[in-house]
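Trainee: Below is a structure I'd like to ask you about.
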Amino acid sequence: MTAKAIPWDEIFQALNAWRGGLSQEGPSAAPDEPSVTLIAESYAGDPWAILVSTIISLRTKDAVTAGASQRLLEKAPNPAALQRLSHEEIARLVYPAGFYRTKAANLQKIAAILMDARGGAVPSDMDALLALPGVGRKTANLVRTEAFDLDGLCVDTHVHRIANRCGWCGSEGSPSPNRTEMILREVLPPKYWKPINSLLVLYGQQLCRPISPYCSRCVIRPHCPQQGVERYR
């Protein structure tokens with residue numbers, strides 16, 4: 001399927017209707033929003049809160065991320081406050097997030113950079129964000145979209161997996177997440193750049209799972225060639 005032939009409007013209408021249907025079934029049926037989205041809502045889009053929660057979220061489940069982010073942000077609502085905490089205090093607050101000691105060290109370095117060079121403000125510029133310790137393209141894009149409402153296309157494991165299964169990346173097989181982002185920037189209409197992450201994270205958790213996805217219940221199956229899917233339910 002060529003980029004021009006991909007029915008993006010139909011695909012996103014189906015995904016939005018699916019998410020809306022979960023909400024109508026009641027709180028017990030509806031999955032939680034991604035942790036970074038929840039933190040963004042709880043802290044009114046504060047860039048520091050979003051940057052902290054996104055760094056904590058790497059290789060960590062949403063429930064753990066949300067708890068660890070809230071604990072740390074209560075003690076360190078800004079870079080200046082975090083600078084007053086020791087590495088051990090930060091690590092203890094972030095635990096049991098994956099690689100919590102490394103994340104604690106990176107957060108300390110980030111706080112120092114922001115205080116020394118930016119008056120404590122989190123930058124919105126992509127290159128400036130990528131220059132911060134431990135910040136990759138996923139983190140930078142999430143900060144840009146959630147904190148500054150700027151264009152950004154966040155490709156995490158779910159977006160990467162689903163985009164390749166659906167053939168949106170052409171015949172490249174399974175490129176890296178960064179390469180998937182670059183391809184999507186070429187083929188995906190900009191109006192869908194921001195919502196794609198929250199939609200596909202939920203979809204990947206519920207239906208389009210890494211192993212044996214629920215293709216029989218997939219709302220976009222008519223548009224999916226199931227590339228690389230060996231077993232499904």
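The values are calculated or read from the model by the stated rules, or taken from the named source; none is laboratory data. All values derive from a computational prediction rather than experimental measurement. All Cβ positions, glycine included, derive from the backbone under ideal geometry; neighbour counts span all protein chains shown.
Trainee: Mind counting the residues in the range 81-115 that are within 15 Å of TRP48 (Cα to Cα) and either hydroxyl-bearing (Ser, Thr, Tyr) or surrounded by fewer than 14 Cβ atoms within 10 Å (Cβ to Cβ) (or both)?
Mentor: 1
Trainee: Any residue in the range 109-135 that is outside any helix (DSSP H, G or I) and at pLDDT 95 or above sitting within a Cβ distance under 9 Å of a residue that is acidic (Asp, Glu) and surrounded by 15 or more Cβ atoms within 10 Å (Cβ to Cβ)? List the pairs, counting only those 6 or more apart or interchain.
Mentor: Every condition considered, the pairs that remain are VAL122/ASP46.
Trainee: Something else: Examine the range 68-81 for a residue that is in contact with a Gly (Cβ under 9 Å, 6 or more places away or on another chain), over 30 Å from ILE220 (Cα atoms), part of a loop (DSSP other than H, G, I, E, B) and modelled with pLDDT of 95 or more, and state whether such a residue exists.
Mentor: yes
Trainee: Among the residues of the range 10-25, are any touching a Ser or Thr at 6+ places or on another chain (Cβ under 6 Å), on the phi < 0 side of the Ramachandran plot, at pLDDT below 95 and not β-branched (Val, Ile, Thr)?
Mentor: No, that holds for no residue.
Trainee: Working only within the range 70-101, note down all residues that are acidic (Asp, Glu) and either farther than 22 Å from THR37 by Cβ or not assigned by TED's automatic domain parsing to the domain that holds ALA112 (or both).
Mentor: Those that are acidic (Asp, Glu) and either farther than 22 Å from THR37 by Cβ or not assigned by TED's automatic domain parsing to the domain that holds ALA112 (or both): GLU88, GLU89.
Trainee: Can you find a residue in the range 58-67 that is closer than 18 Å to ASP156 by Cβ, without any contact (Cβ under 8 Å) to a residue 24 or more places away in the chain, under 22 Å from the mean Cα position of the chain (by Cα) and assigned to a loop (DSSP other than H, G, I, E, B)?
Mentor: yes
Trainee: To continue, here is another question. Yes or no: the range 138-145 includes at least one residue that is surrounded by fewer than 16 Cβ atoms within 10 Å (Cβ to Cβ) and not polar (S, T, N, Q).
Mentor: No.
Trainee: Here is a list: LEU72, LEU51. Which entry is within 17 Å of the chain's Cα centre (by Cα) and surrounded by 24 or more Cβ atoms within 10 Å (Cβ to Cβ)?
Mentor: When all the criteria are applied, what remains is LEU51.
Trainee: Also, I was wondering about something else. Assess whether ARG179 counts as being without any contact (Cβ under 8 Å) to a residue 40 or more places away in the chain and under 28 Å from LEU38 (Cβ atoms).
Mentor: Here the answer is no, as ARG179 does not meet what is asked.
Conditions tested, residue by residue: (1) closer than 22 Å to SER57 by Cβ; (2) surrounded by 15 or more Cβ atoms within 10 Å (Cβ to Cβ).
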residue: VAL159; (1), (2): yes, yes
residue: ASN164; (1), (2): yes, yes
residue: GLY167; (1), (2): no, yes
residue: PRO175; (1), (2): no, yes
residue: GLU181; (1), (2): yes, yes
residue: PRO189; (1), (2): no, no
